[in-house]
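So the structure is just underneath, and the comments pick up after that.
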Amino acid sequence: MFTLLSAVGACGGAERAAGTVVMASGSDLESGNPLVTIHPLSRQLQRHALFVTLVRLDSALQPEPYAARSWQWDADRLAVRFSLDTAIRWHDGVATTAEDVVFTLQAAADSTLGSPRRADVGIVRRVTAVDRHSVRVEFTAPQAALPVVLAELPIVPRHLLDSVPRARWRGHAFSTAPVGNGPFRFAARTPGRRWEFVRNPDFPASLGGPPALERLVVAVVDEAATKFAGLVSGGLDLAGISPAMAHLVARDSLLSLMTPPVLFSQVLAFNTLRAPFDDVRVRQAVSLAIDRTRLVGAAVAGYGASATGAVPPGLPFSDTTSATQDPMQRARQLALADSLLDASGWRRASAGGPRQRSGAPFTVTLLTVGSGDMAVEQLVQADLAARGITVNIRVMELATFLATVRATDKAQQIAFDMAVTGIPGDIALGHLSAMFASAQRGGALDYTGFHDAQLDRALAGARAATPDAAAAAWRDVDAQLQSKMPVAWLYHARGVQGRSRRLQNVVMDLRGELTSVARWTRE
């Protein structure tokens, strides 16, 4: 509770000025640098508040002008020329120019940096500044439409980062005191407690003009009960809440429950570089053993969709197949799981007993950062126990967890067998390349160590597919992932946000919970 009280108290409590909004984050923001960030809320603040992107997406997920006020394609669709707004300035007063766009796309493609968006910008063959406010982007193949990454990747300031070795960007001061060019400016940070952003009075009218709010505060509040108490007391205006508490928000006349679609998937990631999960049969068996319907109902109170594959629902190329199973289907799944485990040498000495191979018990460690009542972890543990597998749950602090699952030599990470974790997605599905593409080996989302030439070809084909061919191309990617099972997709989440009714003009959709932050008002 101390974190919430200190953040709200600094802003004048529930009766603070109407122009100040306090929202909760379950953990400290990862970074202010958009080229190295995977934390979902951090990325949204970067994209919608702190920086600008070349274009942005409308509610139909079609590109519309933003930093680029217009663009013109070459006849062969191999290149496009953007004309930038001349009034955009960095928050230190320096003009935003075509050189910043060139610098951003080149840095995102640099293997030294290891950006999560590296695979997405791999379609860019060359980017050049035509003049101070015009930039030409050439592609490796004809493009039917503007790549979505151009609407999701914020432009960063060349004049502040070009002298910093890219291998050191994550630890550089820019990550905790960023200088942007968006509708809000970074103002202050208290590590582990809060970030504060203030209105940019110079944000160009052509891009929407200065935001309605004077100040936006992100308070780090990790306890579900504390978030709910903050909403009820008026100390918080917006907070992601525990699905188990959604009915309490819905019943409160001063609050509004918002349940937008989100691009966030919960997975069970396997360390494929060491036994027992170097055997695809074991990975498939574990995935089959998990009752996703029960998991969604018990762990997130139904605010999610049981995962039938890697592609989240709501996208133009999402699979609409129902994940609902009848008892007979579930029984067949469990029988197949047992058969695969037997075939891999992990057998039971007696019916219903623990599995072992060569006298060694089938015991694995499950890593997690933990959350609330640990429902996901315990349900996975129970489902695998029913198949004769002993799972020991190990809770880790976030930084330690990420350092462990991101380790380049996962075979030496003795404590890492599998991990429950959330995967922040994006509309272009670039997160799948960041997780599995060989070119992204050792990157921020390379949790499993699994890379495969056939999957590489499928990912490349999906990224280059025309809109008409995209659904089939991503189904091919999904089929590859299902057959090789480097992760078991558990469920695709749905947002559960509690909002004070004082906070107005809030739009939440697949573009994010903060897509309309520049238009928010507080009564």
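If Asp319 passes every condition in (1) of a type in the set (Asp, Glu); (2) assigned to a helix (DSSP H, G or I); (3) open to solvent by 50 Å² or more (accessible area, probe 1.4 Å) but one, which one does it miss?
Of the numbered conditions (1) of a type in the set (Asp, Glu); (2) assigned to a helix (DSSP H, G or I); (3) open to solvent by 50 Å² or more (accessible area, probe 1.4 Å), the odd one out for Asp319 is (2).
Kindly indicate which of Ala434, Ala399, Ala428 is free of Cβ contacts under 8 Å to residues at least 12 places away in the same chain, within 22 Å of the chain's Cα centre (by Cα) and under 30 Å from Asp509 (Cα atoms).
Selected residue: Ala399, the only one of Ala434, Ala399, Ala428 that is free of Cβ contacts under 8 Å to residues at least 12 places away in the same chain, within 22 Å of the chain's Cα centre (by Cα) and under 30 Å from Asp509 (Cα atoms).
Checking the conditions here, which among Asp417, Asp426, Asp456 is under 26 Å from Gly302 (Cα atoms) and either open to solvent by 20 Å² or more (accessible area, probe 1.4 Å) or touching a Lys or Arg at 6+ places or on another chain (Cβ under 9 Å) (or both)?
On the way: Asp417 fails: under 26 Å from Gly302 (Cα atoms); Asp456 fails: under 26 Å from Gly302 (Cα atoms).
Result of the check over Asp417, Asp426, Asp456: Asp426.
Restricting the search to region 498-516, which residues are in contact with a Pro (Cβ under 7 Å, 6 or more places away or on another chain) and not charged (D, E, K, R)? Spell out the reasoning first.
Taking region 498-516 as the starting set, the residues that turn out to be in contact with a Pro (Cβ under 7 Å, 6 or more places away or on another chain) are 508-510, 513.
Passing the criteria: Met508, Leu510.
Out of everything in region 395-424 that is modelled with pLDDT under 95 and of a type in the set (Gly, Ala, Ser), what residue ends up being nearest to Ile290 (Cα to Cα)?
Only one residue fits best here, namely Gly422.
Just the residues that are under 16 Å from Gln497 (Cβ atoms) and modelled with pLDDT of 95 or more, please, taken from region 209-226.
The answer is Leu216, Val218, Ala219.
What's the total number of residues in region 143-160 that are crowded, with 18+ Cβ neighbours inside 10 Å and either closer than 21 Å to Pro183 by Cα or of a type in the set (Phe, Trp, Tyr) (or both)?
Of the residues in that region, 10 qualify.
Cβ-Cβ below 6 Å, separation at least six or inter-chain, first residue in region 163-181 and over 26 Å from Pro210 (Cα atoms), second of a type in the set (S, T, N, Q) and surrounded by fewer than 19 Cβ atoms within 10 Å (Cβ to Cβ): which pairs?
Close Cβ pairs satisfying both conditions: Arg166/Thr112; Ala167/Thr112.
Residue-wise test of (1) among the hydroxyl-bearing types (Ser, Thr, Tyr); (2) under 32 Å from the mean Cα position of the chain (by Cα); (3) open to solvent by less than 60 Å² (accessible area, probe 1.4 Å); (4) under 19 Å from Ile290 (Cβ atoms).
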position: Gln333; (1), (2), (3), (4): no, yes, yes, yes
position: Trp346; (1), (2), (3), (4): no, no, yes, yes
position: Gly353; (1), (2), (3), (4): no, no, yes, no
position: Gly370; (1), (2), (3), (4): no, yes, yes, yes
position: Met374; (1), (2), (3), (4): no, yes, yes, yes
position: Gln378; (1), (2), (3), (4): no, yes, no, yes
position: Ile393; (1), (2), (3), (4): no, yes, yes, yes
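Looking only at region 111-123, count how many residues are over 20 Å from Arg81 (Cα atoms) and open to solvent by less than 40 Å² (accessible area, probe 1.4 Å).
Residues of region 111-123 over 20 Å from Arg81 (Cα atoms): 111-119.
Applying the additional criterion that residues be open to solvent by less than 40 Å² (accessible area, probe 1.4 Å) yields 113-117, 119.
Going through region 111-123 one residue at a time, the tally reaches 6.
I'd like the residue in region 32-74 that is among the β-branched types (Val, Ile, Thr) and farther than 26 Å from Pro210 by Cβ and, out of all such residues, is farthest from the chain's Cα centre (by Cα).
Val36
Going by the conditions given, is Gly309 open to solvent by less than 20 Å² (accessible area, probe 1.4 Å) and of a type outside the set (S, T, N, Q)?
Yes: the conditions hold for Gly309.
Does Ala109 fit the bill of being in contact with a helix residue (DSSP H, G or I) (Cβ under 6 Å, 6 or more places away or on another chain) and under 18 Å from Gln440 (Cα atoms)?
So Ala109 fits the description; yes.
Which residue is farthest from Leu113 (Cα to Cα), if the candidates are limited to region 437-479 and must be among the acidic types (Asp, Glu) and assigned to a helix (DSSP H, G or I)? Spell out the reasoning first.
First, the residues of region 437-479 that are among the acidic types (Asp, Glu): 446, 452, 456, 468, 476, 478.
Remaining after also requiring assigned to a helix (DSSP H, G or I): 456, 468, 476, 478.
Numbers: Asp456: 21, Asp468: 33, Asp476: 29, Asp478: 28 Å.
Once the filter is applied, the top-ranked residue is Asp468.
Yes or no, residue by residue, for (1) open to solvent by less than 40 Å² (accessible area, probe 1.4 Å); (2) under 19 Å from the mean Cα position of the chain (by Cα):
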residue	(1), (2)
Gln440	yes, yes
Pro467	no, no
Ala470	yes, no
Arg475	no, no
Met508	yes, yes
Thr521	no, no
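Give Thr96, Thr112 a once-over and let me know the one that is on the phi < 0 side of the Ramachandran plot and modelled with pLDDT of 95 or more.
Working: Thr112 fails: modelled with pLDDT of 95 or more.
Going through Thr96, Thr112 in turn, just one is on the phi < 0 side of the Ramachandran plot and modelled with pLDDT of 95 or more: Thr96.
The values are calculated or read from the model by the stated rules, or taken from the named source; none is laboratory data. All of these numbers come straight from a predicted model, not from anything done at the bench. Please note: Cβ atoms are built from the backbone with ideal geometry, for glycine as well, and neighbour counts cover all protein chains shown. Calculation scope for accessible area: heavy atoms of the full protein, side chains included, ligands and nucleic acids excluded. Shrake-Rupley method; radii C 1.70, N 1.55, O 1.52, S 1.80 Å.
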